[in-house]
Amino acid sequence: MGNDQGHESPWHVSLNLMLKNVSSALMSVLILSASGQIKETTTREVSIIVDNDVFTSVSRDQYYSSGIFGVFRHLLDTTKRSNVKIIQSYSINQRMFTPKWVGWTEAEQMDRPYAGQLSVTLGREYYFRSSQYIKSKLELGWMGPGSLTGDIHETWHKWFGLPPPLGWEHQINDSPVINLYATYAKTLDTSEDADISIESNLSLGTVFSHVRQELMVRLGNFRPIQESIQYNGQLGARRPKSGALIKEAYFFYSPGLEYVFYNATIEGNFIGKDTDYTESTNHWVMQHRAGLMLSWRVFDIQLMYYLRTKETPQADPHQYAGIHLNYRF
């Protein structure tokens, strides 16, 4: 794994550079806020999203084990389309998948392969006044040993004294990540403190190909989806004058049924050298998603919980949680 005292590995150098850039960006935002230069509407947003199953149990490290996403979004000029708001987004993404127990060393013991991804994403979101939302996204990157995910996972566990992951030699082989995503959401019915929406998702590409249909119920103090934290639609919307006033505070629950055409993190890459160990995937997967959403003038916290049924015949159902932090300026 390269433990020379006088030499930093490439991912260490990249991580240090990324941390310096993030620190500089956060310092600029804090200085702007402290100087009182708070606009009536915001046009830009930075987000950090962390998914991890350790949030549901300190002993759990399995399946979709970790996802880290850094996102920048900005409002486009919509003067020519008064009925629609358009937001452009960019993100850098790292995902990690493991079998049920990271102490397994032989493929015969495992219920799914290891897999690691590093990618970037370009997206565009459309918010309609009729409480409809459309998002399209292109993801490009790399899956396999070239993503260095296994090295990062081993180092992370070493730093925190966790059991070492021993099966990365059985990970999905090097392959490009080229994926297209589309999301459509629409409010069906709404009242003062509850509403019902539908959300449809489609993914096609070299790694994930599936369709999923969800029904969503929101309860509490929320805004229409074109201005809500639910789809990060606050850019361009007027903010309340009081900084302490909570703009939104609500709970949501969204069950969904997913049909999986192909999942390369389980079934193996079809571009590049074949992987020695793969599993078959369950084509039908149920997903339960719930969350607590809190939004202030410039800052949001989203606490998410996910429960998914078995993704391979040998695997168990899986649960994990996510924390989303957004800052607008």
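The values are calculated or read from the model by the stated rules, or taken from the named source; none is laboratory data. Bear in mind that the values here come from a model prediction, so they are computed numbers and not experimental data. As a convention, Cβ positions derive from the backbone with ideal geometry for all residues, glycine included, and neighbour counts pool all protein chains shown. Only protein heavy atoms, including side chains, enter the accessible area calculation; ligands, DNA and RNA are left aside. Shrake-Rupley method; radii C 1.70, N 1.55, O 1.52, S 1.80 Å.
Observations on the model:
- Checking Leu180 against (1) surrounded by fewer than 18 Cβ atoms within 10 Å (Cβ to Cβ); (2) farther than 30 Å from Glu214 by Cα, the condition it does not meet: (2)
- All of (1) closer than 30 Å to Leu204 by Cβ; (2) open to solvent by 60 Å² or more (accessible area, probe 1.4 Å) hold for Trp159 with one exception: (1).
- In the stretch 298-322, the residues that are free of Cβ contacts under 8 Å to residues at least 12 places away in the same chain form Cβ pairs under 8 Å with partners that are assigned to a strand (DSSP E or B), at six or more places apart or across chains, as follows: Pro317/Leu307; Pro317/Arg308.
- Taken together, Asp189, Asp174, Asp193 contain a single residue that is among the acidic types (Asp, Glu) and touching a helix residue (DSSP H, G or I) at 6+ places or on another chain (Cβ under 7 Å), which is Asp174.
- Of residues in the stretch 312-329 being part of a loop (DSSP other than H, G, I, E, B) and not hydroxyl-bearing (Ser, Thr, Tyr), the one surrounded by the most Cβ atoms within 10 Å (Cβ to Cβ): Ala315
- Residue match in the stretch 129-151 (condition: open to solvent by 70 Å² or more (accessible area, probe 1.4 Å), touching a helix residue (DSSP H, G or I) at 6+ places or on another chain (Cβ under 9 Å), modelled with pLDDT of 95 or more and on the phi < 0 side of the Ramachandran plot): no
- Residue in the stretch 101-122 that is surrounded by fewer than 19 Cβ atoms within 10 Å (Cβ to Cβ) and under 16 Å from Ser200 (Cβ atoms) present: no
Listed here are the residues, each with its yes/no results for (1) farther than 25 Å from Leu307 by Cα; (2) open to solvent by 30 Å² or more (accessible area, probe 1.4 Å).
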residue: Asn201; (1), (2): no, no
residue: Glu214; (1), (2): no, no
residue: Val217; (1), (2): no, yes
residue: Leu235; (1), (2): yes, no
residue: Glu248; (1), (2): no, no
residue: Ser254; (1), (2): no, no
residue: Leu257; (1), (2): no, yes
residue: Ala264; (1), (2): no, no
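- Of the residues contained in the stretch 67-78, none is found to be closer than 23 Å to Leu307 by Cβ, outside any strand (DSSP E or B), open to solvent by less than 50 Å² (accessible area, probe 1.4 Å) and in contact (Cβ under 8 Å) with a residue 60 or more places away in the chain.
- The listed residue being open to solvent by 10 Å² or more (accessible area, probe 1.4 Å), within 18 Å of Tyr64 (Cα to Cα), more than 18 Å from the chain's Cα centre (by Cα) and not small (Gly, Ala, Ser), out of Thr275, Thr309: Thr309
- Failed condition for Val84, given (1) open to solvent by less than 20 Å² (accessible area, probe 1.4 Å); (2) more than 22 Å from Asn232 (Cα to Cα); (3) modelled with pLDDT under 95: (2)
- Per-region count, the stretch 274-297, residues part of a loop (DSSP other than H, G, I, E, B) and either closer than 16 Å to Tyr259 by Cα or free of Cβ contacts under 8 Å to residues at least 40 places away in the same chain (or both): 4
- Residues of the stretch 42-56 satisfying the condition of being open to solvent by less than 30 Å² (accessible area, probe 1.4 Å) and either part of a helix (DSSP H, G or I) or without any contact (Cβ under 8 Å) to a residue 24 or more places away in the chain (or both): Asp53
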